[in-house]
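Quick note: the coordinates plus some simple rules give every number you see, no bench work behind them. Since the model is a prediction, treat every value here as computed from it, not as a measurement. Methodologically, a virtual Cβ is constructed for each residue, glycine included, from the backbone with ideal geometry; neighbour enumeration extends over all protein chains shown.
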Amino acid sequence: MSTAPRTSYRTATVPVRGGDLAVGVWGPDDAPTVLAIHGITASHRAWALLGSLAPELRIIAPDLRGRGRSNSLPGPWGMASHADDATAVMDAFGVERCVVLGHSMGGFVAATLAARHPPRAAGVVLIDGGLPIPAPAGVAPEDLPEALIGSAARRLALRFATVEDYRDFWRGHPAFAGHWTPTIEQYVDYDLQGLAPDLAPSAVVEAVAADAVQLAGDEGYAADLAGIRIPLHFIRAPRNLSDELPGLYAERTVAEWGERLPQLRIHEIGGVNHYTIVMAEHGMREVLTIVRPVIAMATPTRTPTATPTRERAL
């Protein structure tokens, strides 16, 4: 594999438990590295705008186990499993330490990585995720996916006759009204698997259900958060997955965690929902105003001899 700096988007695979994990990469190989971890039903393509707006960085973003092109990997799933996969990605790319971003469920993975592998994370940025989401009273464990992520979970049971039908589904989603772009369309196209007329979202239902149960957190996860000693930032979106008020996180919930975690820095970006905070230009530009100083304060190091398997430029 060439060692010359590259700025184009490319993909790679990294060996992990049970097979190969798919990974997307943006930016020069010798640039400061950010590990970016997507949400519960998403893929690495959720970070394409980050790669475009931050060409001075190398963005490494895996498809989590059970999602995207990693959807054939077996369970068990869960935050610890995803965090271990993420450190395997860092190893494969020769990254000893870097800033870790996590959107939605990816925030839980990022925080778990920092707690389980403290030397690997130079800073953690939780983007509308990563703080425990209180489960509604009386909700049974098997009903948590619906209670916590609603339409995102229901979508996985749908089938589409054509790619255009799936695009239309997302174009009509309230979160993307007025925000549709070629980048979002590419994200949507990447998410489909199978053959027409039986196309399906790529996320594995069982993986999503298993992971959703952990979004409410427990005392062990709360202790993990409290034990993180590096800069920990939380960025709140004021609108939820359906572009409605209130957001996924109530202001009071976030404020309470700010009181419990003295190392937590709380931010809010106006005019965005749970999706557009990372998938619309306004949202991502604001995210970068928070992320760039975290990177500047970090001191990531790399081991240049390690390489991922089967890297492909696009």
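Here are a few things to note about the model shown:
- By DSSP, the beta bridges lying fully in the chain are antiparallel in about 45 percent of cases.
- Contact order relative to length of the chain, as percent, for alpha carbon pairs under 8 angstrom and 6 or more apart: 23 percent
- In this Cβ point-charge picture (+1 for Lys and Arg, -1 for Asp and Glu), region 171-292 has a dipole of about 520 debye about its Cα centre.
- Only helices enter this figure: runs of n ≥ 4 DSSP H residues, each worth -39500 (n - 2.57), summed and divided by the residues of the chain, yield -10000 deg cm²/dmol at 222 nm to the nearest 500.
- Each of Gly220, Ala92, Tyr166 was placed along the dipole of the chain (beta-carbon charges, centred on the mean Cα), and the one lying farthest toward the positive end is Ala92.
- Correct choice for mean projected area of the Cα convex hull in nm² that was computed from the model, options (1) 14.7; (2) 21.5; (3) 18.3: (1)
- Potential extension, Asp91-Ser8 segment - 0.36 nm per residue separation minus Cα distance: 27.7 nm
- Residue among Val139, Val204, Val287 with the largest mean-square fluctuation in a Gaussian network model of the chain, springs linking Cα atoms under 10 Å: Val139
- Share antiparallel - DSSP beta bridges, region 101-244, percent rounded to 5: 30 percent
- With Rh defined as the Kirkwood radius, the inverse of the mean 1/r over Cα pairs, the Rg/Rh of region 56-132 is 0.94.
- By the combined test of axial Cα extent (at least 18 Å) and Kyte-Doolittle hydropathy (mean at least -1.0), the qualifying DSSP H helices of the chain come to 79-92, 281-297.
- Ranking of Thr13, Thr41 by neighbouring Cβ atoms within 10 Å, starting from the fewest: Thr13, Thr41.
- Among beta bridges that DSSP assigns inside region 1-110, antiparallel share in %, nearest 5: 60 percent
- Relative contact order for region 5-117, counting Cα pairs under 8 Å that sit 6 or more residues apart, in percent: 28 percent
- Highest-first arrangement of 222-235, 152-165, 103-116, where packing means the average Cβ count within 10 Å: 103-116, 222-235, 152-165
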